[in-house]
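**Student:** Have a look at the structure that comes next, please.
The values are calculated or read from the model by the stated rules, or taken from the named source; none is laboratory data. Keep in mind it's a predicted model, so treat the numbers as computed, not measured. So basically every Cβ, Gly included, is an ideal-geometry build from the backbone, and we count neighbours across all protein chains shown. Each accessible area value is taken on the protein alone, full model and side chains, heavy atoms only, with ligands, DNA and RNA left out. Shrake-Rupley method; radii C 1.70, N 1.55, O 1.52, S 1.80 Å.
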Amino acid sequence: MKKIAIVVPVYNEQDNLREFHKRITEVLDKEPYDYSIVFVNDGSNDNSAVILSELAQEDQRVEAYLLSRNYGHQMALTCGLDHAEGDAVITMDGDLQHPPEVVPQLLRLWEEGNEIVITKRLSTEDAGVFKKVTSAGYYKLINILSKVEITPGGSDFRLMDRIAVDAFKQYRERARFIRGLVSTLGFKVAKVDFVAPPRFAGTSKFNLRKMLHFALDGITAFSNLPLRWAFYIGLVCGLCSLGLLGHVVYVRCFTSDAVPGWATTTVSILFLGGIQLVGIGILGEYIGRIFEEIKHRPLYLVSRHIKK
Ligand code: UDP
Ligand code: MG
């Protein structure tokens with residue numbers, strides 16, 4: 001019998017875990033597969049770890065990796081993908097925003113020969129206007145900036161065949177935007193649409209800072225265009241200030257009304273200074289990331305593996 005693994009990153013989801021376990025097992029028990037559920041506890045500071053070890057005691061198909069601290073959603077997913085066994089691996093959130101009832105559709109498409117089945121959120125029932133607008137704008141931007149195509153409303157709810165998981169495991173970069181990485185893998189890809197219901201319990205674990213960081217990771221990992229922009233903007237400014245120089249020389253040498261002209265000076269200094277800072281900022285962003293990658297630190301540390 002074919003075996004599938006469900007990978008679930010967990011960060012402070014104590015009130016969702018039992019419900020998630022109930023709903024996913026209800027769905028999978030009707031499917032003709034062996035399965036395991038691999039929870040990755042991303043350094044939760046609530047009762048999640050305790051509940052996970054209880055679940056693992058009660059149900060031998062459940063196992064849990066406890067990370068040594070909070071590493072973030074993408075690293076928790078990475079840990080799960082690294083350790084999950086099976087002919088296919090499905091990653092999904094533990095807050096029931098990725099409905100377990102959609103899983104059979106992913107499995108059907110996999111059976112039809114697709115090696116990756118991605119999903120697209122049609123809408124998120126409880127997302128605010130701010131999140132919707134920024135998310136839509138962001139996907140537009142990243143698709144303009146980079147060569148890989150990333151589906152708007154993409155999520156980390158997806159199925160990967162063993163062959164795709166093993167390919168993915170060779171990508172060891174630190175700044176991870178998994179949906180971008182997956183779309184660079186290639187393979188035969190199918191897509192399923194779903195509507196994300198509100199969280200079952202608790203609140204979103206992504207604050208503005210985490211979202212911004214994730215967004216920047218996505219852009220810098222897949223595009224060098226901002227670096228080039230800095231260069232072009234610098235070029236345009238350089239040319240403008242050359243023009244300005246011509247004007248200054250002309251006024252000084254060929255007219256008698258050499259106005260003090262402090263306005264022009266101040267404006268051009270401010271303008272050039274600003275542009276330079278932008279350029280340096282962009283450089284810094286990339287250099288910082290080179291530094292992070294070059295250290296080759298482990299992506300995450302596992303403190304315990306719980307399995308009956
Ligand atoms: N998550 C995680 N580590 C984090 C933040 C979130 O493992 O640092 C998990 C979280 O428990 C959930 C999933 O990632 O299973 C998605 O997080 P969340 O629902 O908060 O994100 P949203 O749906 O609001 O985008
Ligand atoms: Mg969620």
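**Student:** Any chance you could count how many residues in region 57-78 are within 14 Å of ligand 1 (Cβ to nearest atom), open to solvent by less than 30 Å² (accessible area, probe 1.4 Å) and in a loop (DSSP other than H, G, I, E, B)?
**Tutor:** Of region 57-78, the ones within 14 Å of ligand 1 (Cβ to nearest atom) are 64-78.
From the residues that got through so far, the ones that are open to solvent by less than 30 Å² (accessible area, probe 1.4 Å) too are 64-67, 72, 74-78.
Going one step further and asking which of them are in a loop (DSSP other than H, G, I, E, B), we end up with 72.
Of the residues in region 57-78, 1 are within 14 Å of ligand 1 (Cβ to nearest atom), open to solvent by less than 30 Å² (accessible area, probe 1.4 Å) and in a loop (DSSP other than H, G, I, E, B).
**Student:** Can you list the helices (runs of 4 or more DSSP H) found entirely within region 173-256 that contain at least 1 residues being touching a Lys or Arg at 6+ places or on another chain (Cβ under 6 Å)? Before you say what the answer is, go through the steps one by one.
**Tutor:** Details: elements: 178-185, 208-222, 225-254.
The helices (runs of 4 or more DSSP H) meeting that bar are 208-222.
**Student:** Same structure again: Is there a residue in region 195-214 that is surrounded by 17 or more Cβ atoms within 10 Å (Cβ to Cβ), over 30 Å from L272 (Cβ atoms), touching an Asp or Glu at 6+ places or on another chain (Cβ under 6 Å) and basic (K, R)?
**Tutor:** yes
**Student:** Can you name the residue in region 15-51 that is in contact with a Gly (Cβ under 8 Å, 6 or more places away or on another chain) and outside any strand (DSSP E or B) and, of all such residues, is nearest to M92 (Cα to Cα)?
**Tutor:** Across region 15-51, the extreme among qualifying residues is F20.
**Student:** Next question, about the same structure. Going by the conditions given, is V189 open to solvent by 60 Å² or more (accessible area, probe 1.4 Å), within 16 Å of ligand 2 (Cβ to nearest atom), touching a residue at least 24 places away in the same chain (Cβ under 8 Å) and on the phi < 0 side of the Ramachandran plot?
**Tutor:** Details: open to solvent by 60 Å² or more (accessible area, probe 1.4 Å): yes; within 16 Å of ligand 2 (Cβ to nearest atom): no; touching a residue at least 24 places away in the same chain (Cβ under 8 Å): yes; on the phi < 0 side of the Ramachandran plot: yes.
Criteria not met by V189.
Per-residue answers, yes or no, for (1) modelled with pLDDT of 95 or more; (2) away from ligand 1 (no atom under 16 Å from the Cβ); (3) open to solvent by less than 10 Å² (accessible area, probe 1.4 Å):
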{"site": "G80", "(1), (2), (3)": "yes, no, yes"}
{"site": "Q97", "(1), (2), (3)": "no, no, no"}
{"site": "L107", "(1), (2), (3)": "yes, yes, yes"}
{"site": "I116", "(1), (2), (3)": "yes, yes, yes"}
{"site": "K120", "(1), (2), (3)": "no, no, no"}
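**Student:** Separate question: Determine, yes or no, whether D93 is of a type in the set (D, E, K, R), open to solvent by less than 40 Å² (accessible area, probe 1.4 Å) and within 22 Å of R199 (Cβ to Cβ).
**Tutor:** When the stated conditions are applied, D93 passes them.
**Student:** Right, E54: open to solvent by 20 Å² or more (accessible area, probe 1.4 Å), under 30 Å from R304 (Cα atoms), among the acidic types (D, E) and outside any helix (DSSP H, G or I) or not? Lay out the reasoning, then the answer.
**Tutor:** On the way: open to solvent by 20 Å² or more (accessible area, probe 1.4 Å): yes; under 30 Å from R304 (Cα atoms): yes; among the acidic types (D, E): yes; outside any helix (DSSP H, G or I): no.
When the stated conditions are applied, E54 does not pass them.
**Student:** Six or more apart or on different chains, Cβ atoms under 7 Å: show the pairs whose first residue is in region 233-244 and more than 12 Å from I275 (Cβ to Cβ) and whose second is open to solvent by 40 Å² or more (accessible area, probe 1.4 Å).
**Tutor:** That search, which allows pairs on different chains as well, returns L244/T264.
**Student:** Just need a number here: residues in region 273-308 that are part of a helix (DSSP H, G or I) and either modelled with pLDDT of 90 or more or open to solvent by 50 Å² or more (accessible area, probe 1.4 Å) (or both).
**Tutor:** Of all residues in region 273-308, those part of a helix (DSSP H, G or I) come to 273-294.
Then keep just the ones that are either modelled with pLDDT of 90 or more or open to solvent by 50 Å² or more (accessible area, probe 1.4 Å) (or both); that gives 276-278, 280, 283, 285, 287, 290-294.
Count: 12.
**Student:** As an exercise: evaluate L242 against (1) hydrophobic (A, V, I, L, M, F, W, C); (2) open to solvent by 60 Å² or more (accessible area, probe 1.4 Å); (3) within 30 Å of L17 (Cα to Cα) and give the number of the one condition it does not meet.
**Tutor:** Unmet condition: (3).
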